[in-house]
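Student: Take this structure, written in C-alpha cells, and hold onto it; I'll ask about it next.
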Amino acid sequence: MTFMIPKLPLAHSIDVMLDWLTTHISFITKAFSHGISVLIDGMVHGLLWLPPWLLIAAVALLAWRAAGWRVALGSLVGLLLLWNLRLWSATVETFTLVLISTLIAVAVGLPLGIAAALSKRTARVVMPILDFMQTMPAFVYLIPAIPFFGLGAVSASVATVIFATPPTIRLTVLGIRQVPKDLIEAADAFGSTRRQKLFKVQLPMAVPTIMAGVNQTVMLSLSMVVIAAMIGAGGLGGEVWRAIQRLEPGKGFEAGIAIVILAMILDRITQRIGRDPSARESGQ
Amino acid sequence: MQKIRVEHLTKVFGPHPEQALRLLDAGKSNADIRKTGHAVGIADVSFDVEEGELLVIMGLSGSGKSTLLRCLNLLNVPSRGSIFVDGEDVTRHGREQLLDFRRRKISMVFQHFALFPHRSVADNAAYGLEVQGVAPDERRARAVEALELVGLKGWEDARPNQLSGGMQQRVGLARALAVKSDILLMDEAFSALDPLIRRDMQQELASLQRRMKKTIVFITHDLDEALQIGDRIVLMKDGRVVQIGTPEEILNHPADAYVERFVENVDMSRVLTANTVMGRAREVAHPQDGPRTVLRKMTEGSDTSMLVVERDHTLLGSVTLDALDAAVSEGRKDIVALIQRDAPTLDPDTPLTDIINLMAEWPYRLPVVDDQHKLLGVVTRPRVINALAQSRATVAEPAERSANA
C-alpha cells in the first residue's frame with residue numbers, strides 16, 4: 001500500500017538546515033573544538049607523564065577517603081590489572097574524556113536543573129527536550145557532530161554531553177522540588193531572599209539527589225565511549241572497536257573488562273561523594 | 001498597647017479569587033464555593049492582639065487557623081482585609097519591606113519543627129540572623145544564648161536528627177527567639193510532642209513569656225492547651241471567628257452550641273485552681289493554745305489534724321490528733337513543739353490536677369497561702385470532688401437545654 005500524499009522532506013530539510021549551520025557557524029564550533037582538544041590533550045599528556053603507580057596510589061587513596069577500604073582495595077587491584085594488560089594509556093584517555101564530558105554536563109545541567117525546578121515555565125520547555133535527548137539513539141548525534149567539531153575526541157565529548165546531561169538536570173529538579181514544604185516556609189518566614197533560600201536550604205538539601213544524577217551522568221558518559229570510538233575518540237572504546245574490526249574476541253574482552261573496572265571505580269566513588277556524613281554513620 | 005490588629009481578613013484559594021470573593025459576599029456557604037473549585041481559608045476575620053499578650057487561636061482541623069496564622073507573616077497573601085502591626089498595614093508592604101518585617105518583627109515556630117537537617121543545632125538557631133547578614137561570631141554568640149534560654153546548652157554542635165522531638169522543638173523555639181523579634185507565631189508548636197513533654201513545654205513557654213513579654217499568637221486544636229496558656233482565646237470554625245474571650249469567659253459563657261460542645265469535653269481539673277475550690281478555714285489553732293483547747297476545737301470539727309496560725313494569719317504548720325493525745329497524757333502545756341512545719345501548702349493558682357496528686361500523698365486538709373505565707377483557705381477532699389462534679393453539671397446543663405430546644 002502506498003500513501004497518496006508525497007513523503008514529507010524531513011530528512012532533506014534537516015540536511016539543509018545543518019548545511020547552513022555548518023557553513024555559517026562552524027568557525028565558532030571549530031574554535032571551541034580546538035580549545036577543548038587542547039584541554040583534552042593536555043590532560044591526557046599530564047596524566048600519562050605521571051608514573052602509573054603514583055596515579056594508582058592516588059586513586060586508591062581517594063577511594064579510601066570517599067568510600068572506605070573495600071572500594072580502595074578494589075580500585076588498586078583493578079587499576080594494576082589494567083596497567084598489566086598494557087591498557088594504561090587507553091584507560092587514561094577514556095577517563096579524561098569521561099571527566100571532561102561530565103564536567104561540561106554538570107556545568108550545563110546544574111543551572112538548567114535549578115532554573116527548571118524554580119520556574120514551571122522553564123520546566124515545560126526543558127522537559128520535552130530532555131526526553132528527546134535521551135531517547136534519540138546516541139549514534140545519530142555523531143553524524144552532525146563531525147562537520148561542526150571535526151573527527152576525534154571533541155565530537156565524541158559533545159555527543160557524550162548531549163547524551164549524558166539529562167540525568168543531572170532531572171535529578172537536580174527532583175532534589176530541589178522534594179525539599180519539604182515546611183522547610184521552605186521556615187526559610188521564607190525568617191525573611192530569606194530567593195537566592196538565600198536556594199543556596200542555604202534548597203541546594204544543600206538537594207545535594208545527595210544531585211550527586212545521584214551526576215553519578216548517572218558519569219555512567220552514561222562511559223557507555224558512550226565505545227560508540228564515540230567510531231568517530232575516532234580513541235581510548236578503551238578504540239581498543240574495542242579495533243577488536244571488532246579485526247575479529248579478535250580476546251582483545252575485545254580485555255578492553256571490555258577494562259571499561260567495566262573503570263566504570264565500577266567511578267561509580268563507587270561518585271556514589272559516596274555528597275552523601276551526608278551523619279547519614280553514613282547511622283547506617284542510612 | 002495594641003500590637004496587631006486584624007481587620008476583615010479573608011483568604012480564598014483557587015484560580016479566580018475575585019469570583020470566590022463575590023460568592024462569599026453574596027452569602028454563599030463554603031460548600032457552595034468549593035463546587036466552583038475554590039476553597040475558603042478564612043472569611044472576614046477581625047481581632048486584635050495586645051502587646052505582651054499570649055493569644056491562642058483555636059479550632060479543629062480545617063477551621064482556617066493555620067491559614068490565618070500564615071497570613072500574619074504573609075506566607076499566605078490575604079485576598080482581602082488588612083493586618084496592622086504597630087499601626088502599619090503589612091499587607092501593603094513591598095518586597096524589601098516584607099523581608100525586613102519577617103527578619104526583625106515576626107518569627108515563627110512550626111508544628112513539625114522544620115529544622116534544617118544539614119545544619120548543626122547552632123546553625124539552625126542562627127538561621128534568622130544569617131539571612132539578616134549578622135557577622136558569624138555575633139550570630140554564633142546570639143544563637144548559643146538563645147539555646148541556653150531553652151535549656152539546650154551543650155548541644156550546639158549536634159545535628160537535629162540526634163535530638164528527641166521535644167529537644168528539636170526547643171531548637172525551633174531558639175531559632176525564633178534568636179532574632180529577638182517582638183512577635184512570635186506558634187503553629188501547633190507542641191502538638192507533635194507526647195503529652196508529658198507537651199506539658200513541660202507549655203510550662204516553659206509560660207515562664208519564658210513572664211521574662212520576655214513577647215506578643216505571641218499560638219495555634220492549637222487542643223482546648224485544654226488553649227485554656228492553660230492563653231490570655232485570650234479566638235475560637236474558629238469554618239474560617240470564621242465564633243468567639244473571642246478569656247478562658248473563663250469562654251468556659252462560663254459559650255457563645256453558641258458549637259463552643260458549648262467544645263467546652264463540654266474540657267478537663268476541668270486543669271482549669272480549676274486552688275483559688276476556686278478552697279473553703280474558709282473555720283477552726284484553726286494558735287500557738288498560744290494548750291493541747292486540750294486544740295483537742296476540743298478538733299472534736300467540734302471532727303478532724304484528725306488542725307492548722308496552726310499566728311494572730312496575723314501566718315501559717316505555722318499543723319498538729320495531728322495523735323500528737324495532741326500523747327501530749328495530753330504526758331501532761332504537757334503547749335503545742336509549739338508538736339507543730340509539723342513541713343506540711344505541703346498550695347498557691348491560689350495551683351491547678352486541681354496537682355492538688356489531686358498531693359492529696360494522694362497527704363491525708364489531711366491542704367492549706368492555701370499567699371506569697372507572705374498567710375492562710376487564705378483550705379482545700380479538702382469533699383470540696384475537690386464537689387468542684388469537679390459541679391463543673392461537669394454547669395457545662396453539661398446548657399448543652400442539654402439546647403439539645404431539647
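Results for (1) closer than 30 Å to residue A:208 by Cβ; (2) of a type outside the set (Phe, Trp, Tyr), shown as yes or no for each residue.
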{"position": "A:113", "(1), (2)": "yes, yes"}
{"position": "A:119", "(1), (2)": "yes, yes"}
{"position": "A:122", "(1), (2)": "yes, yes"}
{"position": "A:129", "(1), (2)": "yes, yes"}
{"position": "A:138", "(1), (2)": "yes, yes"}
{"position": "A:146", "(1), (2)": "no, yes"}
{"position": "A:149", "(1), (2)": "no, no"}
{"position": "A:155", "(1), (2)": "no, yes"}
{"position": "A:162", "(1), (2)": "yes, yes"}
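Student: Consider residue A:209 carefully, then state whether it is within 14 Å of another protein chain (Cβ to nearest Cβ) and surrounded by 19 or more Cβ atoms within 10 Å (Cβ to Cβ).
Tutor: Details: within 14 Å of another protein chain (Cβ to nearest Cβ): yes; surrounded by 19 or more Cβ atoms within 10 Å (Cβ to Cβ): yes.
Answer is yes for this residue.
Every residue, every condition in (1) loosely packed, with under 14 Cβ neighbours inside 10 Å; (2) more than 23 Å from residue A:158 (Cβ to Cβ); (3) of a type in the set (Phe, Trp, Tyr), yes or no:
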{"site": "A:6", "(1), (2), (3)": "yes, yes, no"}
{"site": "A:11", "(1), (2), (3)": "yes, no, no"}
{"site": "A:16", "(1), (2), (3)": "yes, no, no"}
{"site": "A:26", "(1), (2), (3)": "no, no, no"}
{"site": "A:39", "(1), (2), (3)": "no, no, no"}
{"site": "A:42", "(1), (2), (3)": "yes, no, no"}
{"site": "A:46", "(1), (2), (3)": "yes, no, no"}
{"site": "A:52", "(1), (2), (3)": "no, yes, no"}
{"site": "A:55", "(1), (2), (3)": "no, yes, no"}
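Student: Any residue that is over 16 Å from residue B:219 (Cβ atoms), more than 14 Å from chain A (Cβ to nearest Cβ) and within 20 Å of the chain's Cα centre (by Cα) - is there at least one of those in the stretch B:43-50? Explain how you work it out, then say what you get.
Tutor: Applying the first criterion (over 16 Å from residue B:219 (Cβ atoms)) to the stretch B:43-50 yields B:43-44, B:46, B:48, B:50.
Subset that is more than 14 Å from chain A (Cβ to nearest Cβ): B:43-44, B:46, B:48, B:50.
So of that shortlist, the ones also within 20 Å of the chain's Cα centre (by Cα) come out as B:48, B:50.
The answer is yes, given that some residue of the stretch B:43-50 is over 16 Å from residue B:219 (Cβ atoms), more than 14 Å from chain A (Cβ to nearest Cβ) and within 20 Å of the chain's Cα centre (by Cα).
Student: Return the residues of the stretch A:155-206 that are more than 14 Å from chain B (Cβ to nearest Cβ) and over 17 Å from residue A:126 (Cβ atoms); say none if nothing qualifies.
Tutor: Scanning the stretch A:155-206 gives A:155, A:156, A:157, A:158, A:159, A:160.
Student: Going by the structure shown, is residue B:114 on the phi > 0 side of the Ramachandran plot, modelled with pLDDT of 90 or more and within 10 Å of another protein chain (Cβ to nearest Cβ)? Quick ask: steps written out before the conclusion?
Tutor: Numbers: on the phi > 0 side of the Ramachandran plot: yes; modelled with pLDDT of 90 or more: yes; within 10 Å of another protein chain (Cβ to nearest Cβ): yes.
So residue B:114 passes the test.
Student: Considering only the stretch B:132-162, state which residues are within 13 Å of chain A (Cβ to nearest Cβ) and on the phi > 0 side of the Ramachandran plot.
Tutor: Within the stretch B:132-162, B:133 is the sole residue that qualifies.
Student: In the stretch B:80-103, which residues are within 8 Å of another protein chain (Cβ to nearest Cβ) and either on the phi > 0 side of the Ramachandran plot or not aliphatic (A, V, I, L, M) (or both)?
Tutor: B:100, B:101, B:102, B:103
Student: Right, here's the next one. When you scan the stretch B:4-76 for helices (runs of 4 or more DSSP H) that lie fully inside it, which ones turn up with 1 or more residues that are farther than 30 Å from residue B:247 by Cα and touching a residue at least 40 places away in the same chain (Cβ under 8 Å)? Walk me through it before giving the result.
Tutor: Values: elements: B:17-25, B:30-35, B:65-72.
Here the list reads B:17-25.
Student: Could I ask something else about it? With the structure loaded, tell me whether residue B:129 is away from chain A (no Cβ under 14 Å), crowded, with 24+ Cβ neighbours inside 10 Å, not β-branched (Val, Ile, Thr) and not in a strand (DSSP E or B) or whether it fails that test.
Tutor: no
Student: Within the stretch B:134-154, count every residue that is outside any helix (DSSP H, G or I), surrounded by fewer than 18 Cβ atoms within 10 Å (Cβ to Cβ) and modelled with pLDDT of 90 or more. Before the answer, list the steps.
Tutor: Of all residues in the stretch B:134-154, those outside any helix (DSSP H, G or I) come to B:134-135, B:150-154.
Filter once more, keeping what is surrounded by fewer than 18 Cβ atoms within 10 Å (Cβ to Cβ): B:135, B:151, B:153-154.
After this cut, where a residue has to be modelled with pLDDT of 90 or more as well, the list is B:135.
So the count comes out to 1.
Student: Inspect the stretch B:183-193 for any residue being in contact with a helix residue (DSSP H, G or I) (Cβ under 6 Å, 6 or more places away or on another chain), more than 14 Å from chain A (Cβ to nearest Cβ) and either of a type in the set (D, E, K, R) or surrounded by 15 or more Cβ atoms within 10 Å (Cβ to Cβ) (or both) and give the result as yes or no.
Tutor: Yes, the conditions are met somewhere in the stretch B:183-193.
The values are calculated or read from the model by the stated rules, or taken from the named source; none is laboratory data. This is a predicted model, so every value here is computed, not measured. Cβ sites come from the backbone with ideal geometry, for glycine too, and all protein chains shown count toward neighbours.
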